[in-house]
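The values are calculated or read from the model by the stated rules, or taken from the named source; none is laboratory data. These numbers come from a predicted model, not from an experiment. As a convention, Cβ positions derive from the backbone with ideal geometry for all residues, glycine included, and neighbour counts pool all protein chains shown. Calculation scope for accessible area: heavy atoms of the full protein, side chains included, ligands and nucleic acids excluded. Shrake-Rupley method; radii C 1.70, N 1.55, O 1.52, S 1.80 Å.
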Amino acid sequence: SRTAPLLLIALLFAGSTGVAGLLAPKLSRPARTSSTRFSRCLTRLAVESDSAEDAQPNLLDALPKVAIGGLVAAAAFHAPAFLQFTQKWLDIGESVSGDEFWAPLQFWGFFAAMHPLIKPLVSVGEVLHSSPGPLVANLVPISFVAANVAVLYLLATQSKIRTALNVGLLGLLVHFIGCGLEGSVNQGDYNLALDDGVKGCPTYEQVRQPSMDNFDINKYDGRWYELAFHDWTQFSEVYDTTFDIELSSDKLRWLDDFGVKGPSPTSAPASWDKSPVANGAHYFLYGKVDTRTPGVLQESGFGVTFPNYIVDVQKDASGKYTEAIQFQCLERGGVRIFEGINFLSRSPTLSDAEMQKMFDRASAAGMAPYGATREQMHMVAHPPPAKPVDNAWQHMWSATGIDKLLALVEANTHSTFEDTSALR
């Protein structure tokens, strides 16, 4: 599970698509003249719109009604999934209370809402950087700025359009989360259903493979490349995902330095290199080694703690671990709330035949019903190493201190990890 300060990365993604409004003062004199003329045209358009509204009141009156109809339709369409979800949480409430109940619900709700935020922002970024016309400050196409001004003007002056938009967005959110509960969006990164496929979480002995005999946690240290995942705390838009595992000096704790880049050139061909994390970002997960059961760690994040099972490892001729399968599972009251599956390798790429063997080993471990199949896992892209992205957008992010903020988070995390005073 990648439970970490994803809100920061989400806000950074949002910044790359919402910065246009800040750039308007940088327009040249001719551009300001054009902007003034454009504003006058908008004023005339508003007057004409008011006349049209008086003449045809039913058109604008209908927009909020249509949006409300869409919201009701979305809720009705996904009602069985939401009712089943509610019943599961009622079952959980009969067994646990307090933080044991609310922390997992907040954990689920955070990521249920994050995905509908990130995915549209990537699309907005594509529209932004695909828009025609000269660039303002070498960053944003002037046509995108003009379109934003027009839309904002309409929203500010037309209350019925504003209401329809807000209700419509709420309807889309309900529809997206409903699809997540039904597993019809992306099985790899947005399968939100509780207890889907099989009830509860397995024990470690139920999934542990013979390859874990004589497991040595010291050999697990270092960099791993994530090749595939089934995990709604991750996002299919990112790529080049790595886990850098660092053991504490007493070998009782580990720090998982999770590195990502995003969005990927595949999911956002026009905007991927404009992102504040185009050159990578790091966030972190802490774990405690269970010395009683080698291969099991207790991981914590967002107020919840759950086991991370190392189910299978493969070795080379020297005994070094070269491949691994991890499985995280969170349950309360016998109801499975979250499962995460990670296919890891010391190499950034494997052949199709080697990947199939990983799926076969996961199936042999009984993990297929939990999502360890090709249909339910997202394959992570790892392109060949390239030079760091260097363009006007990266200069802008650097000038605003985003790179320093990300570096500070990383440095502070390592410092906290090395500080063992709290353990004495």
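Okay, here's what the table says:
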| item | result |
| --- | --- |
| Hydrodynamic radius by Kirkwood, which averages 1/r over all alpha carbon pairs of the stretch 44-192, in angstrom | 18.7 |
| At q = 0.11, 0.22 Å⁻¹, base-10 log of I(q)/I(0) for the stretch 200-281 (Debye sum, equal scatterers on each alpha carbon) | -0.45, -1.10 |
| Built amide H within the under 5 Å cut-off of TRP224, gap 5+ | PHE243, ASP244, ILE245 |
| Convex hull (Cα only) mean projected area of the stretch 254-400, reported in nm² to one decimal | 12.2 |
| Cβ-placed point charges (K, R +1; D, E -1), dipole of the stretch 67-173 about Cα centre in debye, nearest 20 | 520 |
| Vicinal HN-Hα couplings computed from phi for the stretch 301-306 (Karplus, 6.51 cos²θ - 1.76 cosθ + 1.60; Hz; Gly/Pro x) | x, 6, x, 10, 10, 8 |
| Ordering of 105-114, 300-309 by burial proxy (mean other Cβ atoms within 10 Å per residue, highest first) | 300-309, 105-114 |
| Per-residue HN-Hα couplings for the stretch 191-201 [Karplus 6.51, -1.76, 1.60; θ = phi - 60°; Hz; x = Gly/Pro] | 9, 8, 4, 8, 6, 6, x, 8, 7, x, 10 |
| Too-long pairs where the Cα-Cα distance tops 19 Å, listed order kept, from LYS219/LYS315; LYS288/LYS315; LYS219/LYS251; LYS261/LYS404; LYS65/LYS119; LYS199/LYS288 | LYS288/LYS315; LYS65/LYS119; LYS199/LYS288 |
| Residue order for ASP189, ASP99, ASP61 - accessible surface, 1.4 angstrom probe, largest first | ASP99, ASP61, ASP189 |
| Phi-based couplings in Hz for the stretch 336-345 (Karplus 6.51, -1.76, 1.60; Gly and Pro marked x) | 7, 9, 8, 9, x, 10, 10, 9, 10, 8 |
| Percent RCO, i.e. relative contact order, over the stretch 262-334, from Cα pairs under 8 Å lying at least 6 residues apart | 17 |
| Cubic angstrom per residue, convex hull over Cα atoms of the stretch 151-242 | 164 |
| Interchain or long-range residues, amide H under 5 Å from ASP312's placed H | ILE325 |
| Value in Å of the Kirkwood radius, where the stretch 122-174 supplies the Cα pairs that are averaged | 12.6 |
| Packing-based ranking, highest mean first, of 234-240, 195-201 given that Cβ atoms within 10 Å are counted | 234-240, 195-201 |
| Kirkwood hydrodynamic radius over Cα pairs of the stretch 361-412, then Stokes diffusion coefficient at 37 °C and 0.692 mPa s, in µm²/s | 217 |
